[in-house]
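**Student:** Quick one: the structure is below, questions incoming.
The values are calculated or read from the model by the stated rules, or taken from the named source; none is laboratory data. Bear in mind the structure is a predicted one, so any value in this text is a computation, not a measurement. Neighbour counts are summed over all protein chains in view; Cβ atoms, including those assigned to glycine, are modelled from backbone coordinates with ideal geometry. SASA here: full protein model, heavy atoms, side chains in, ligands and nucleic acids out. Shrake-Rupley method; radii C 1.70, N 1.55, O 1.52, S 1.80 Å.
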Amino acid sequence: MHFEPSREAALKKLNNFIESGLYNYSKLRNFDFGPNERSNISCLSPYITHGIISEKEVIKLSLKKFSFPKNEKFIQEVLWRIYWKGWLELRPNVWSDYLTDLKKLKQEYINNKNYFDAIEGKTKVQCFNTWVEELKNYNYLHNHTRMWFASIWIFTLGLPWQLGADFFMRYLYDGDCASNTLGWRWVAGIQTKGKNYVASEWNIKKFTNSRFNNIKINENPVPIIDERNYSIIDNSFLSSNISNNQNLLIFENNLCFEQSDFKDQSFKNLYFVFNENKTRQTKLDEKVIDFKKSLINNQIENLNSKSLNCEMIGIQDLKDIKENFLALYPSVGENLDYLSSNNIKNISFLYRKIDQYSWRYCNKGFFNFKNYIPKIVQEFI
Ligand SMILES: Cc1cc2nc3c(=O)[nH]c(=O)nc-3n(C[C@H](O)[C@H](O)[C@H](O)COP(=O)(O)OP(=O)(O)OC[C@H]3O[C@@H](n4cnc5c(N)ncnc54)[C@H](O)[C@@H]3O)c2cc1C
């Protein structure tokens, strides 16, 4: 399993999946056959997370192959990402509280053997140790494995979910503040309060094709309790004012400008903003940093070959810019945090139309959001 950092590679993966994996997706998607056999899932998340290909493009192509009813499961999964993003946008304090908790816990666990055994893959749970290696080697884990991993981390190893989320973010090529933080909260039982995800030996055996034996894990845990309640913030910020011939900033979540809603607008210059570890609150593995940088370079090459003016700048350069800028909205997370903690206010955000439309349905649970999926597809695809 290899993730070549280019749009060409992303499109190739997408086309291969639509041709050969999509047909059996809903039947086989929960199986983790190991890193050398991934044809039952798309493995597109490292590209979609970075906006190298968009959810719209993926869904559109899948609908060319199969009708909506035949394709519903896959479309739902693709739209989970937008749902999680919208959910966090409406409750940004979930992200800031996570960072505050994480800072404290990192100090508390600075010499904790149990924690270090976990992140070095030296626990008594063999399948877990294998997944630690897999995550570090391939920077990717199957969705079901992420669920088992998080469940074992929290309920068998007894470690705080925040440290697990941080460990995933460090190594995943698709690391995404919303999907990751909320995925961990969901497993812990605080996203849907009182409902935790419990990994079990039979389930792991079945869906890994019996690749692991002797799985001794806690199968009767109680959910984690977190009494904090998060009310929904006013979402009227979600409007875009475009004026021509300004500079445009592009952050790591929207890298394919040519697929953006604003591709036909005229901009003076495009600046791809690179955020290195120095300017991040949660540090990433060098391979992940390199992956991001290579994706940006790939996009710059593509655009330069079409005579569009663009270049990469460091996020810290934004502190010195006095004029007004437009920016494709970076979403709740590291980049937005950098702008607010450095008091950078001369940036107006442009929101993706699909987000503006869909995020209004993210005030409740996913089962509610699901009802609006046909509407979202009709409107945008
Ligand atoms: C604890 C935990 C942490 C996670 N962290 C991340 C993360 O940091 N970044 C990330 O992109 N996903 C995360 N996920 C969601 C999911 O595991 C991955 O998106 C999925 O495994 C990507 O593989 P794929 O592209 O082959 O997915 P496919 O099954 O082929 O699905 C197609 C696309 O749908 C979207 N998708 C599928 N499942 C989910 C889901 N549960 N939540 C959100 N989007 C989904 C992804 O964009 C994916 O590329 C996490 C899940 C859990 C349980």
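**Student:** Take the Cα gyration tensor of the range 1-67, multiply each eigenvalue by 5, square-root it, and list the three semi-axes largest first, rounded to whole angstrom.
**Tutor:** 18, 16, 9
**Student:** Here's another thing I want to ask about it. With r defined as the distance between the Cβ atoms of residue 370 and residue 294 and R0 fixed at 25 Å, what FRET efficiency is calculated, to the nearest 0.05? It would help to have the intermediate numbers written out before the result.
**Tutor:** Numbers: r = 35 Å, r/R0 = 1.42.
The pair residue 370/residue 294 has a calculated efficiency of 0.10.
**Student:** Distance from the Cα centre of the range 328-369 to that of the range 144-194, in angstrom?
**Tutor:** Each part reduced to its Cα centre gives a spacing of 22 Å.
**Student:** May I ask which residue of 359, 377, 267 lies farthest towards the positive end of the charge dipole of the chain, with charges of +1 (Lys, Arg) and -1 (Asp, Glu) on Cβ and the Cα centre as origin?
**Tutor:** 377
**Student:** Counting other Cβ atoms within 10 Å, keep those with at most 14, restrict to DSSP loop, and tell me which GluC sites (Glu not before Pro) in the range 288-335 are left.
**Tutor:** 323
**Student:** Which whole-number percent gives the relative contact order of the chain, counting Cα pairs below 8 Å spaced six or more residues apart?
**Tutor:** Values: 521 pairs, mean separation 75.4, N = 381.
Relative contact order of the chain: 20 percent.
**Student:** Does a label point 7 Å from the Cα of residue 9, set along Cα-to-beta-carbon, have any residues of the range 261-302 with amide nitrogen under 17 Å, and which are they?
**Tutor:** Inside the label zone: 285-302.
**Student:** Additional query: Give me, ordered by chain and number, the residues 5 or more places off residue 272 or on other chains with an amide H under 5 Å from its own placed amide H.
**Tutor:** Under 5 Å from the amide H of residue 272 lie the amide H atoms of 250, 311, 312, 313, each far enough along the sequence or on another chain.
**Student:** In whole percent, what relative contact order does the range 222-323 give with Cα contacts below 8 Å and a gap of six or more residues? Walk me through the numbers on the way to the answer.
**Tutor:** Numbers: 86 pairs, mean separation 26.8, N = 102.
Relative CO of the range 222-323 lands at 26 percent.
**Student:** Using a 10 Å Cβ count of at most 15 others and DSSP loop calls, identify the longest part of the chain lacking such trypsin sites (Lys or Arg not before Pro).
**Tutor:** Value returned for the longest uninterrupted segment is 1-121.
**Student:** So what is the calculated 222 nm ellipticity per residue for the chain, using -39500 (n - 2.57) for each DSSP H run with n of 4 or more, over all residues, to the nearest 500 deg cm²/dmol?
**Tutor:** -14000 deg cm²/dmol
**Student:** Shifting gears a bit: For the range 280-329, rounded, prolate or oblate, judged on the Cα gyration tensor with a ≥ b ≥ c (square roots of eigenvalues), a/c < 1.5 rounded, else prolate if a/b > b/c?
**Tutor:** Because a/c hits 1.5 or more and a/b fails to exceed b/c, the range 280-329 counts as oblate.
**Student:** Let me ask something else. Tell me whether the range 196-337 comes out rounded, prolate or oblate; compute the Cα gyration tensor, take square roots of the eigenvalues as a ≥ b ≥ c, and use a/c under 1.5 as the rounded threshold.
**Tutor:** On the way: a/c = 2.58, a/b = 1.87, b/c = 1.38.
Note, shape of the range 196-337 comes out prolate.
**Student:** Another question about this same structure. Per residue of the range 28-40, what does 6.51 cos²θ - 1.76 cosθ + 1.60 with θ = phi - 60° give for ³J(HN,Hα)? Whole Hz please, x for Gly and Pro, Karplus curve as stated.
**Tutor:** 10, 4, 7, 7, 10, 8, x, x, 8, 9, 10, 6, 7
**Student:** Continuing with this model, one more query. Which aspartates and glutamates, on any chain, are close to residue 263 with Cα under 18 Å apart, when same-chain ones fewer than 8 places away are left out?
**Tutor:** Partners within reach: 55, 57, 252, 301, 311, 355.
**Student:** Taking all protein chains in place and a 1.4 Å probe, what share, in percent, of the accessible surface of the chain do carbon and sulfur account for?
**Tutor:** 47
**Student:** Using unit Cβ charges (K, R positive; D, E negative) and no other charged atoms, how large, in debye to the nearest 20, is the dipole of the chain about its Cα centre? Working shown, then result.
**Tutor:** Numbers: 50 positive and 42 negative charges, 180 e Å.
With only Lys, Arg, Asp and Glu charged at Cβ, the dipole is about 860 debye.
**Student:** Kindly state, to the nearest 0.05, the FRET efficiency for residue 308 paired with residue 347, given R0 = 22 Å and r defined as their beta-carbon distance.
**Tutor:** My answer for the efficiency is 0.60.
**Student:** Rounded if a/c is under 1.5, else prolate if a/b is larger than b/c, else oblate: which is the range 116-261, with a ≥ b ≥ c the root eigenvalues of its Cα gyration tensor?
**Tutor:** Prolate is the answer for the range 116-261, as a/c is 1.5 or above and a/b outweighs b/c.
**Student:** Probe of 1.4 angstrom, ligands and nucleic acids ignored: what's the accessible area per residue over the chain, in square angstrom?
**Tutor:** Working: 17340 Å² over 381 residues.
I get 46 Å² per residue for this part.
**Student:** I need the GluC sites (Glu not before Pro) found in the range 1-101, filtered to DSSP loop residues with at most 14 other beta carbons within 10 Å of theirs.
**Tutor:** Filter output for the range 1-101: 37.
**Student:** Determine the principal axes of the Cα atoms in the chain, then give the extent along each, sorted from largest to smallest and rounded to whole angstroms.
**Tutor:** 62, 49, 37
**Student:** Work out the length of the dipole vector of the range 294-354 about its Cα centre, built from +1 on the beta-carbon of each Lys and Arg and -1 on the beta-carbon of each Asp and Glu, and round it to the nearest 20 debye.
**Tutor:** Dipole of the range 294-354, to the nearest 20 debye: 280 debye.
**Student:** Can you give the FRET efficiency for residue 244 and residue 279, using 1/(1 + (r/R0)^6), R0 = 25 Å, r = Cβ-Cβ distance, to the nearest 0.05?
**Tutor:** 0.25
**Student:** Hull surface divided by four, with the convex hull built on the Cα atoms of the range 91-181: how many nm²? Intermediate results must be reported in sequence, preceding the final value.
**Tutor:** Working: hull surface 22.6 nm².
Dividing the Cα hull surface by four gives the mean projection, 5.7 nm².
**Student:** Evaluate 2.2 N^0.38 Å with N set to the residue count of the range 211-290, then give the Cα radius of gyration divided by it.
**Tutor:** Values: Rg = 21.8 Å, N = 80, 2.2 N^0.38 = 11.6 Å.
That ratio works out to 1.87.
**Student:** Anything over 28 Å Cα to Cα? Flag those among 73/293; 70/206; 287/364; 306/345; 27/65, in the order listed.
**Tutor:** Beyond 28 Å between Cα atoms: 73/293; 287/364; 306/345.
**Student:** Helix 286-304 against the longest principal axis of the chain: what's the angle in degrees, Cα atoms only, rounded to the nearest 10?
**Tutor:** Tilt of helix 286-304: around 30 degrees.
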